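Data block below; observations after.
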Amino acid sequence: YNNLQFVNLSAYDPTTYYLLLQFRVVVTGVVFQFVFKKKLSGVQWGSLLLLTLGCIIKEVRHDVSHAGSLSKAETSFIDYLDIHLFFIMLQVFSSCFAGVYNEFLLKDTGVDVHIMMANVFMYLNSIVCNVLVLAFRGQLLDAFTPDSLMSIVQPGVISIIINNAAIGIVTSLFLRSLNSILKTFASALELMFTAVLCWLIFGIPVDLFTILAIFIVSAATYLYAQNPVVNKARTEVELDVKKKIEGHGVETNEESPSGHRHKSIMSV
């Protein structure tokens, strides 16, 4: 996922990249229902589809400009396909499955494992996978040359490493306390800030389609907030059941001082 993230960011401007990633909300809903065996309500699915609509509207302008550049030549269905589109769809599905399954591990089978230890295992897995990829491509020794190591020891690179590590830790805490669907909705809020920052930093114009898409994404987020998904960890569910059992009362008939009989509750 991290490797695809760098590849796709080099192919798309940041706003388009994050808008395309919002398709993961719908995919996350499908995967969430399959993994946790919970059915989403109509309002929840409506907010997911509305969010997808916002992504499509943003891509209308991109598709029109692309079609205009090809108007003078013969075009076919293949011309509208791009390898980067495949890469970003692969990133979307990888993100969705990883997010939902990590939530399942944190809230069910791995609920007794400390969350920071789980993060250690996750980062070790990433290190092993990258080492295997470098070895397969014959670049393992080149990655540890003095020049390669010095290219890492730069303020910008170190800032990215720290930022991504913080994102990973915060994401695990988010999944442990909330859920993967809400996480993707929170990520959608990046659109507003990304569009403005791209305009300020890179000079990328914010057109009408982008403004409309941001408005629809915001409306979808508000609609979802009216009926959010609740998915507690196994320990929280067991604690709630225990509290209900401890707070359960046994009815006994007692006579009041006025001579009337009434029911009282005795805790057990």
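The values are calculated or read from the model by the stated rules, or taken from the named source; none is laboratory data. Given the structure is predicted, the values throughout are model-derived calculations rather than measurements. As a convention, Cβ positions derive from the backbone with ideal geometry for all residues, glycine included, and neighbour counts pool all protein chains shown.
Of note:
- Contact annotation: residue pairs with Cβ atoms under 6 Å, 6 or more positions apart or on different chains, pairing a residue in the range 3-26 that is closer than 17 Å to GLY99 by Cα and β-branched (Val, Ile, Thr) with a partner that is at pLDDT 80 or above and buried (at least 21 other Cβ atoms within 10 Å of the Cβ), are VAL25/LEU48; VAL25/LEU51; VAL26/LEU48.
Condition check ((1) part of a helix (DSSP H, G or I); (2) within 30 Å of ASN102 (Cα to Cα); (3) touching a residue at least 60 places away in the same chain (Cβ under 8 Å); (4) aliphatic (A, V, I, L, M)) across all residues:
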site: ILE158; (1), (2), (3), (4): yes, yes, no, yes
site: ASN163; (1), (2), (3), (4): yes, yes, no, no
site: ILE167; (1), (2), (3), (4): yes, yes, no, yes
site: PHE185; (1), (2), (3), (4): yes, yes, yes, no
site: TRP199; (1), (2), (3), (4): yes, no, no, no
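- Residues in the range 219-235 that are over 17 Å from the mean Cα position of the chain (by Cα) and part of a loop (DSSP other than H, G, I, E, B): ASN227, LYS232, ALA233.
- Any chance ILE216 is at pLDDT 85 or above, touching a Gly at 6+ places or on another chain (Cβ under 8 Å), part of a helix (DSSP H, G or I) and not acidic (Asp, Glu): yes
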